[in-house]
Amino acid sequence: MSKPAAPLKGRAARLARLMPSTGPSTAARTPFVLLVVLLLGGGLITLLLLNSALNEGSFRLSELKRDTTELTDEQQALQRDVDSRSQPDALEKRARELGMVPGGSPAFLNPDGTVRGNPVEATAPPSPSPSPTPSPSASPDPDAPAAGPSGSPSPSASASRPDPAAGPAAENSPPPTSPGR
């Protein structure tokens, strides 16, 4: 057997007191290692949750962009429809289908109550040049639609009783417009 170590004296004894012993050092490292492992695990879980939230936001953003594109396309289609219906020739065609006629010269009221201008009742312009198909007003047929106050057939009478001799095209064709309009 070995003999017990002799107690240290002088300088060696002082250095031995400064150095920690081997027993308690392993016990002091365990909480530090656990703390580092917990911090690393918590960081990884936090990164995973953050990445999942960003991916969810990215999918939502893609969906909103697609919806925005669809709504923009629909808005542009509606704007084209409004633009096509607000053109002067389209407005005139629709007004004539409704039985409206162009107005005459307008009259204005002055602030003192006097009328400036000569108000005139609106009348339908003369019918355009004869078309190759016979018109209901030119036929002496007793079943022909009644003429309106302006001498042209009323739109409701011509729409309810189409001319059988004119064929199916006369049912859907708009009334003729005057030249230059």
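For the range 97-133, a residue qualifies if it is in contact with a Ser or Thr (Cβ under 6 Å, 6 or more places away or on another chain) and at pLDDT 90 or above, but none of them does. Against the criterion of being under 42 Å from the mean Cα position of the chain (by Cα) and either on the phi > 0 side of the Ramachandran plot or at pLDDT below 95 (or both), Arg94 qualifies.
If you go through the range 58-100 and pick out every residue that is more than 30 Å from Pro125 (Cβ to Cβ) and charged (D, E, K, R), you end up with 9. Residue by residue through the range 104-116, note down the ones that are among the small types (Gly, Ala, Ser) and loosely packed, with under 11 Cβ neighbours inside 10 Å. Listed by number, the residues that qualify are Ser105, Gly113. Being part of a helix (DSSP H, G or I) and aliphatic (A, V, I, L, M) is a property that Ala13 has. For the criterion of being small (Gly, Ala, Ser) and touching a strand residue (DSSP E or B) at 6+ places or on another chain (Cβ under 7 Å), Ala107 passes. Of the residues making up the range 108-127, those that are more than 30 Å from Arg96 (Cβ to Cβ) and polar (S, T, N, Q) are Asn110, Thr114.
The values are calculated or read from the model by the stated rules, or taken from the named source; none is laboratory data. Just so you know, these numbers come straight off a predicted model, no measurement behind them. Glycine gets a Cβ as well: all are built from the backbone with ideal geometry, and neighbour counts include every protein chain shown.
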